[in-house]
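The values are calculated or read from the model by the stated rules, or taken from the named source; none is laboratory data. Keep in mind that this is a model prediction, so the values were computed, not measured. Quick reminder, even Gly has a Cβ in these numbers, built from the backbone with ideal geometry, and neighbours come from all protein chains shown. Quick note on the areas: whole protein, heavy atoms, side chains included, nothing else; ligands and nucleic acids left out. Shrake-Rupley method; radii C 1.70, N 1.55, O 1.52, S 1.80 Å.
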Amino acid sequence: IYNKGLAYDAEVLVNFCPALGTVLANEEVENGKAKEGGYPIERRPLRQWMLKITSYADRLLKDLELVDWPDHLKKLQINWIGRSEGAKIHFEEAQTKQTITVFTTRPDTLFGVTYLVLSPEHPLVSLITTEPCRKQVRKYCKEISGKSDLERTELNKEKTGVWTGAYAKHPITDQDIPIWVSDYVLVGYGTGAVMAVPAHDERDFAFAKAFHLPITAVIIPNETDQDVQSGKLCWTEEGTYINSSSGSLHLHGLDLQAAKQAVIHWLEDQGKGEKTVNYKLRDWLFSRQRYWGEPFPILHFPDGTRRVLDLDELPLCPPELKDFKPASTGESPLSKVKEWVYITDSKTHQKAQRETNTMPQWAGSCWYYLRFCDPHNPDKPWSEEAEKYWMPVDLYIGGIEHAVLHLLYARFWHKVFYDCGLVSTLEPFQTLRNQGLVSARSYQLNQGGYVAPEGVYEENGSFFKLGTKELLHSQVEKMSKSKLNGVTPDHIICEYGADSLRLYEMFMG
């Protein structure tokens, strides 16, 4: 994967979980908290290893047609990948001449742009902010840094933001439009900048109303409409184009698709934009700061180069540790073992540094089914003959919670193997069905994490932690080790036997 250019390291804004002491992939975060344990997430810039799953986005979408999976599960993957066609449009900042590129699925509304919005993390924020506005912009960006993406978008009903003091040139009219910073724009989607069309986008409309920014309607539901034209209402559907003519570009009388194409052709002719495809899917963050993960078989040299270990140097085993706690700085426990980290490379005889991040659990679960084809092979993970005989998996029964985790990751992994000539099928799991979930009551702390039932007492319908009397959030959810709500079956086994319990669970699940 590394030699094919599908793995790279970069400093990126990550989901860091202080309670777990590690970063988590986007797919491992739900409602601003870790799916594992429910602990809060912080956004931090850290150097991490990434896998280019985005390079396979189109194939991951298209090849869903090849498998017999439930439609609702396919839809979860389709929505997570989030393919959208549109245009990249280039705006020029008036003073610094920096190019601000936005992605939009509605290039036909370009005439209605009245301001730009950058995410607080956008790299151009500090460059274009004017001195009178710098203090306020810095303060705002710092306040936003602790918020999750969910808090900034779906849960953010009240629009907040600050003006950078800068202006951009409208690519068609050449008018000056103000550049704002707001938390409703995310650096991880599109380009981290949006062209605001408040007359035809509800978020932009709410922001414009909050900060008294101009609203220019370019689409109206009918010729007699007054509310949209006057800026009282936001219109997001198709309609009649108005105020959409300048020079050689005229949208009046066109339908939606024709208007989109007309704007894209004009932008490409003028060198101010191009047709493009965007994805909600981000590259897969593949680093963790835990001891119990496979070490990356990579050596770093002082001149900035690196070397992947050869087959005769594997497996690379981590050193034995007594203290497995990650550092609060976001470093792995392996970083504490200096004699393991700093070595002399036996092949190049240069001083070298081992990678101290470890791989996530997905590094093994993405391909375990292939080892099952040939589990006792001492020379290869699997033989060509065994793979051709057994693959693809005929029937996979698994939980729906794996839709955008294991199932998406395994499909990507399998396609990389296919491109390397290591497997003969495009998809790993031909037929898939979801079983039911066994559930039980759980008890969660306000700051995240769960309490086992034996540490809880009930009073007047509420649940409290023994000892501290802390009020707990209780709900019935999937039985899970991380939620501490598993029910020990020992007493049932003693009375009825293990086979009776298994039969009961199979029918129930």
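Out of curiosity, is Leu422 modelled with pLDDT under 95, within 25 Å of Thr54 (Cα to Cα) and among the hydrophobic types (A, V, I, L, M, F, W, C)?
For Leu422, the condition - modelled with pLDDT under 95, within 25 Å of Thr54 (Cα to Cα) and among the hydrophobic types (A, V, I, L, M, F, W, C) - is not met.
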Can you tell me how many residues in the range 244-281 are out of contact with any helix residue (DSSP H, G or I) (no Cβ under 6 Å at 6 or more places or on another chain) and either outside any helix (DSSP H, G or I) or of a type in the set (Gly, Ala, Ser) (or both)?
-> 17
Only residues in the range 21-38 that are open to solvent by 10 Å² or more (accessible area, probe 1.4 Å) count as the first member; pair them with residues that are assigned to a strand (DSSP E or B) and among the basic types (Lys, Arg), Cβ under 7 angstrom, at least 6 apart or cross-chain, and list the lot.
-> none
Condition check for Lys465: under 30 Å from Leu285 (Cα atoms), surrounded by 14 or more Cβ atoms within 10 Å (Cβ to Cβ) and among the basic types (Lys, Arg) = no
Considering only residues that are open to solvent by less than 20 Å² (accessible area, probe 1.4 Å) and out of contact with any helix residue (DSSP H, G or I) (no Cβ under 7 Å at 6 or more places or on another chain), look in the range 397-416 and name the one that is nearest to Phe286 (Cα to Cα).
-> Ala410
Name the residues in the range 211-234 that are more than 23 Å from Pro171 (Cα to Cα) and of a type in the set (A, V, I, L, M, F, W, C), would you?
-> Phe211, Val228, Leu233, Cys234
Glu454 vs. criteria exposed (fewer than 11 other Cβ atoms within 10 Å of the Cβ) and at negative phi | yes
What is the one condition in (1) closer than 22 Å to Ala7 by Cα; (2) outside any loop (DSSP other than H, G, I, E, B); (3) of a type outside the set (A, V, I, L, M, F, W, C); (4) open to solvent by 80 Å² or more (accessible area, probe 1.4 Å) that Tyr389 does not satisfy?
-> (1)
Do you know which of the residues in the range 359-373 that are outside any loop (DSSP other than H, G, I, E, B) and of a type outside the set (A, V, I, L, M, F, W, C) is surrounded by the most Cβ atoms within 10 Å (Cβ to Cβ)?
-> Tyr369
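Being open to solvent by 40 Å² or more (accessible area, probe 1.4 Å) and within 18 Å of the chain's Cα centre (by Cα) is the filter here, so list the residues in the range 60-95 that pass it.
Hits for the range 60-95 are Lys75, Leu76, Ile78, Asn79, Trp80, Arg83.
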Picking from Asp227, Asp204, the residue that is open to solvent by 30 Å² or more (accessible area, probe 1.4 Å) and out of contact with any helix residue (DSSP H, G or I) (no Cβ under 6 Å at 6 or more places or on another chain) would be Asp227
Please state which of the following conditions Gln98 fails to meet, knowing it meets all the rest: (1) within 30 Å of Gln175 (Cα to Cα); (2) under 20 Å from the mean Cα position of the chain (by Cα).
-> (2)
On the given criteria, is Val197 in contact with a Ser or Thr (Cβ under 7 Å, 6 or more places away or on another chain) and free of Cβ contacts under 8 Å to residues at least 60 places away in the same chain?
-> no
Within the range 298-322, considering residues that are in a loop (DSSP other than H, G, I, E, B), out of contact with any helix residue (DSSP H, G or I) (no Cβ under 7 Å at 6 or more places or on another chain) and open to solvent by less than 100 Å² (accessible area, probe 1.4 Å), the one nearest to Gln350 (Cα to Cα) | Phe301
Any hit, the range 364-381, residues being among the small types (Gly, Ala, Ser) and under 23 Å from Tyr2 (Cβ atoms) | yes
Have a look at Arg307, Arg282, Arg288 and point out the one that is touching a residue at least 40 places away in the same chain (Cβ under 8 Å), over 23 Å from Pro45 (Cβ atoms) and within 31 Å of the chain's Cα centre (by Cα).
-> Arg307
Check on Arg290, of a type in the set (D, E, K, R), open to solvent by less than 70 Å² (accessible area, probe 1.4 Å) and over 17 Å from Asn3 (Cα atoms) | yes
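Looking at Ile264, Ile343, which one is surrounded by 11 or more Cβ atoms within 10 Å (Cβ to Cβ), over 26 Å from the mean Cα position of the chain (by Cα) and in contact (Cβ under 8 Å) with a residue 60 or more places away in the chain?
Ile264
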The range 40-57: number of residues that are over 30 Å from Asp183 (Cβ atoms) and either open to solvent by 70 Å² or more (accessible area, probe 1.4 Å) or touching a Cys at 6+ places or on another chain (Cβ under 7 Å) (or both) = 0
